């Protein structure tokens, strides 16, 4: 967190997540309806908040998934590794 703006954003986010519990509960309740669909998970291994257990939970929720895990990439995979992000989508789409 190299700037005050980035530090402020990281301080605000946890409160916003907690304030959205009902929304997240509704999303989670709907997961069984989506579980049968094919899913691409493009995961940044360097994210400080989401660890392997969160990725594994997501993978367990979607049995028909493909995971592309990228090292040295954080939350914003599409910004941190745009070429790898696009390649993952193209490769996965070609199999669908």
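Coordinate-derived values only; no laboratory data. If you're wondering where the values come from, they're calculated on a predicted model, not measured in any experiment. Positions of Cβ are backbone-derived with ideal geometry, glycine not excepted, and every protein chain shown enters the neighbour counts.
Values computed for the structure shown
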| read-out | value |
| --- | --- |
| Computed [θ] at 222 nm, helices only, for the chain once each DSSP H run of length n ≥ 4 contributes -39500 (n - 2.57) | -16500 deg cm²/dmol |
| Computed E for residue 79/residue 26 - FRET, C-beta separation, R0 25 angstrom, nearest 0.05 | 0.35 |
| Computed lengthening from residue 65 to residue 95, 0.36 nm per intervening residue step minus Cα-Cα distance | 9.6 nm |
| The chain shape via C-alpha gyration tensor axes, a/c threshold 1.5 | oblate |
| Ranked packing of 51-57, 75-81, most packed first, by mean Cβ within 10 Å | 75-81, 51-57 |
